[in-house]
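Below: one structure, written as structure tokens.
No lab work stands behind these numbers, since they all come straight from the coordinates. Note that the coordinates shown come from a computational prediction; the quantities given were computed from them, not determined experimentally. Quick reminder, even Gly has a Cβ in these numbers, built from the backbone with ideal geometry, and neighbours come from all protein chains shown.
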Amino acid sequence: MLAKAERYFFAARPAFFTASLVPVALAGAYVRWRGGVDLTGLWVLTALGLVLLHAAANLLNDYFDHLSGADEVNTMFVSPFTGGARFIQRGLLLPEEVLFAGLLCLATGSAVGLYLATLRGWLILGLGAFGVATLFFYTAPPLRLGYRGLGELIIGLDFGVLPMLGTEYVLTRHVSLPMVWVSVPVALLIIGVLWVNEFPDAEADGLVGKRHLVVILGRRAAARVLVGLYVLVLVFTAGGVMLGWLPPAALMAMAAGLPAAQAAQALAARPDDPSAWRVACPRGVAAHGLYGLLMFLALVVSPTAPGLASLPPPS
């Protein structure tokens, strides 16, 4: 039997914290590749803040999905990828305990963001406020953004574009168009994780009015859209190299297309088949993680970017 502290920890689904660590790691490596100064302490603090907010999102989503009944009626989930952590459903934590833990992580992560804003500039506060609000209201009433077809966009912004721009700003007090470009594949891949994981949950989510895009489009059409999403990842990666915004070594990150293709192929061939979901869910996660790892290595081992304007020094 898990101790209470361990229950809180695992209820936050730490195995999936790569979704928050990948964008911060890549943004920091990208700043260094472009000749930015080494501000490792701020980099680590930024990662800590985002992980706390990610934990809050997972806990609060489980609480509010419990209130809506989404997790209770879901009998087709693919553990551990879909259906929530299910600590409430298994009686390991009370709903109010999950809510308390989520709010505590939200407050602590927000405090880290506020501290970074006082150090580096108030743009961090704006980005953080958007992230906190959208993560909280992803499943919380009255907005329930994830129930209104906005969940995929929110996740792409909160675990792709915004943390990468925020990390760049923390490290340089500057945001750049190249960083926006580099963040797009990361955003698309985390949307892909969510998209694939929505297939097993679609029927239960539809019953409680959780109208994410797989429910809206239907599984067969959603599988076709997933193929296009993964193709865009490859296009933006190759385009970044062609524009000189990524090093040539970044092309090795396109190897993430292999698990992505396996996930997309399984769903395209058998969108309503639970055996296809069990293939696709881990491969969607693998595509995101592999891309992050290979892109990070490419940025670390490549010489400083030639021909790119040097980043402004921190002030």
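So the values come out like this:
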read-out	value
Given (i) 120; (ii) 174; (iii) 139, the label whose value is volume of the Cα convex hull per residue in Å³ derived from this model	(i)
Pair M252, R220: separation of 7 Å Cα→Cβ label points (nm)	4.2 nm
Calculated from backbone phi, Karplus (6.51, -1.76, 1.60) coupling profile of region 213-218 in Hz, x at Gly/Pro	5, 5, 5, 5, 7, x
Angle between the chain longest axis and helix 257-269 axis [Cα atoms, degrees, rounded to 10]	30 degrees
Dipole of the chain, positive end: most advanced residue of A255, A129, G209 [Cβ charges, Cα centre]	A255
Charge dipole (the chain, unit charges on Cβ, about Cα centre) - positive-most of F87, W43, L234	L234
Computed magnitude of the charge dipole of region 8-301 (debye, nearest 20; Cβ of K, R +1, Cβ of D, E -1)	520 debye
Mean ellipticity per residue at 222 nm, deg cm²/dmol - from DSSP H runs of n ≥ 4 across the chain, formula -39500 (n - 2.57)	-22500 deg cm²/dmol
